[in-house]
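> Sharing a structure here in structure tokens format.
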Amino acid sequence: MSERAWDSETLPQGDDKVTAVRQMFDAIAPRYDLVNRIMTFRLDVHWRRKAVKLLALPPRSTVIDLASGTGDLCVDLSRAGQRPLSFDLSFGMLAADRSGAPRAQADILRLPLPDHSVDGATCGFALRNLVELPRFFEELGRVVRPGGRIALLDVGVPHNKVVRWGNNIYFGKVVPKIGSLLSDGAAYRYLPKSVAYLPSREQMLADLNAAGFADAEHHQLSGGITQLLLGTRS
């Protein structure tokens, strides 16, 4: 695998994908928050806060934030009165975390947690970066207690053709230029291509049902440019 496998015409797979994702996020960690705010016009702040609100857990619940990045969701969880724990594969991201939450470097497909040991889980814009998404949902079903909740955000594919056309142009042409100016252009060229990793919403809901989240729901946010998956552990 090349040293910059995320800067390729073809998307990396398997172990190559794991290595590429870790190295890519290590590289973009220092300016990750700045680029996010600019390229989403701060809508990312709204999306995370909505996810935490719809998580709908009582105060002082223990919530794991997976692929936690620089800790944005952990900050929002703390503000909502929760007790977040941060897990990420990228040491660079964990080093840039400013949430103050306890954090650990870990493969979130194999969490170092006992069965049914947490009240909830969040994940922000990382589902497409996982090698085995059904395995991740199974891991959520393992560590979240019955009655616990999950809220999972990621980029989406708008159903409206006009919105989808505009979104494709923006994320395919404009976002890579922003990334090139402020961070790593290759990483932000990877962003629009990486949507191809995501299965359909119907498949994700079916996989969540199979993992023990019988009431799993899918929501389109901001016209579908972002999607939110919610569920309660049966």
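The values are calculated or read from the model by the stated rules, or taken from the named source; none is laboratory data. Everything numeric here is computed off the predicted structure, so don't read it as measured data. Cβ placement follows ideal geometry from the backbone for every residue including glycine, while neighbour counts extend to all protein chains displayed. These accessible areas exclude ligands, DNA and RNA; they are computed on the full protein's heavy atoms, side chains included. Shrake-Rupley method; radii C 1.70, N 1.55, O 1.52, S 1.80 Å.
> Consider the stretch 69-91. How many of its residues are more than 19 Å from Gly148 (Cα to Cα), open to solvent by less than 20 Å² (accessible area, probe 1.4 Å) and either over 13 Å from the mean Cα position of the chain (by Cα) or of a type in the set (Ser, Thr, Tyr) (or both)?
Counting residues in the stretch 69-91 that are more than 19 Å from Gly148 (Cα to Cα), open to solvent by less than 20 Å² (accessible area, probe 1.4 Å) and either over 13 Å from the mean Cα position of the chain (by Cα) or of a type in the set (Ser, Thr, Tyr) (or both) gives 2.
> Please enumerate the residues belonging to the stretch 156-190 that are in a helix (DSSP H, G or I), open to solvent by less than 20 Å² (accessible area, probe 1.4 Å) and either touching a residue at least 40 places away in the same chain (Cβ under 8 Å) or out of contact with any Asp or Glu (no Cβ under 9 Å at 6 or more places or on another chain) (or both).
Val175, Pro176, Gly179, Ala186, Ala187, Tyr188, Tyr190
> Would you be able to say whether some residue in the stretch 208-218 is touching a helix residue (DSSP H, G or I) at 6+ places or on another chain (Cβ under 6 Å), closer than 28 Å to Met24 by Cβ, open to solvent by 30 Å² or more (accessible area, probe 1.4 Å) and part of a strand (DSSP E or B)?
Yes; the residues of the stretch 208-218 include at least one that is touching a helix residue (DSSP H, G or I) at 6+ places or on another chain (Cβ under 6 Å), closer than 28 Å to Met24 by Cβ, open to solvent by 30 Å² or more (accessible area, probe 1.4 Å) and part of a strand (DSSP E or B).
> State all residues of the stretch 114-139 that are basic (Lys, Arg) and in contact with a Ser or Thr (Cβ under 6 Å, 6 or more places away or on another chain); if no residue qualifies, say none.
Arg128
> Among the residues that make up the stretch 96-103, is at least one of them at negative phi, open to solvent by 40 Å² or more (accessible area, probe 1.4 Å), outside any strand (DSSP E or B) and modelled with pLDDT under 95?
yes
> For Val143, only one of the following conditions fails: (1) under 26 Å from Thr40 (Cα atoms); (2) open to solvent by less than 10 Å² (accessible area, probe 1.4 Å); (3) in contact with a Pro (Cβ under 9 Å, 6 or more places away or on another chain). What is its number?
(1)
> Another question, then. Residue check: is Asp115 surrounded by fewer than 16 Cβ atoms within 10 Å (Cβ to Cβ), in contact (Cβ under 8 Å) with a residue 60 or more places away in the chain and assigned to a loop (DSSP other than H, G, I, E, B)?
Criteria not met by Asp115.
> Of all residues in the stretch 118-129, count the ones that are polar (S, T, N, Q) and either part of a strand (DSSP E or B) or more than 16 Å from the chain's Cα centre (by Cα) (or both).
So the count comes out to 1.
> Does at least one position in the stretch 18-33 carry a residue that is in a loop (DSSP other than H, G, I, E, B) and open to solvent by 10 Å² or more (accessible area, probe 1.4 Å)?
Within the stretch 18-33 (the criterion being in a loop (DSSP other than H, G, I, E, B) and open to solvent by 10 Å² or more (accessible area, probe 1.4 Å)), the answer is no, since none of the residues qualifies.
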